[in-house]
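Here's the structure, in structure tokens; my notes come after.
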Amino acid sequence: MLAEIAMFIQLLGMAVLAAILPTIVVMCAIYLIYTYKLQIWWFIKGIMRGVCWLIICLVDGKTKANGIKVKKVVNDNN
């Protein structure tokens, strides 16, 4: 009887952890995305520019890819 109660308590604890831990992880991810959104957006834009440069380099050559300039936007706080 004691073993069954101990197993029940253990299963109950595992179920609570299974419900609470993903919630905590999602909340932390939302907080980090909100806090560092400009840095994340800057990183994503850099990755996109690199991929575009690679595609242009493969299609038209390195000199054509290096000749393309990035247009600066005046209000780049988005």
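List the chymotrypsin sites (Phe, Trp or Tyr not before Pro) within the chain that DSSP assigns to loop and that have no more than 16 neighbouring Cβ atoms inside 10 Å.
Y36
Using R₀ = 30 Å, calculate the FRET efficiency as 1/(1 + (r/R₀)^6) where r is the Cβ-Cβ separation of Q39 and K62; round to 0.05.
0.55
Heavy atoms only, probe 1.4 Å: what % of the accessible area of the chain goes to carbon and sulfur, would you let me know?
For the chain, the apolar C and S fraction of the accessible surface comes to 76 percent.
Taking only Cα atoms, what is the 0 to 90° angle, nearest 10, from helix 37-60's long axis to the longest principal axis of the chain?
50
Tell me, which longest segment in the chain has none of the trypsin sites (Lys or Arg not before Pro) that fall in DSSP loops with at most 11 further Cβ atoms within 10 Å?
1-68
Enter the accessible area per residue of the range 7-74 (Å², integer; probe 1.4 Å; all protein chains in place).
93
What do you get for the angle between helix 2-35 and the principal long axis of the chain? Use alpha-carbon atoms, 0 to 90 degrees, nearest ten.
Roughly 20 degrees between the two axes.
Lysine pairs in the range 1-74 with Cα distance under 20 Å, only those 8 or more apart or on different chains: how many are there?
So the count works out to 7.
Quick one, what does Rg over Rh come out to for the chain if you take C-alpha atoms and the Kirkwood Rh?
1.43
Using a 10 angstrom cutoff on alpha carbons, build the Gaussian network for the chain and name the most mobile of I30, I68, I40.
I68
How large is the helix-only mean residue ellipticity at 222 nm for the chain, computed as the sum of -39500 (n - 2.57) over DSSP H runs with n ≥ 4, divided by its residue count, in deg cm²/dmol to the nearest 500?
Computed ellipticity for the chain at 222 nm equals -28500 deg cm²/dmol.
The values are calculated or read from the model by the stated rules, or taken from the named source; none is laboratory data. Computed from a prediction, not measured in an experiment: that's the story for all the values here. Every residue, glycine among them, receives a Cβ derived from its backbone with ideal geometry; neighbour counts consider all protein chains shown. Ligands, DNA and RNA are excluded from the accessible area calculation, which covers all protein heavy atoms including side chains. Shrake-Rupley method; radii C 1.70, N 1.55, O 1.52, S 1.80 Å.
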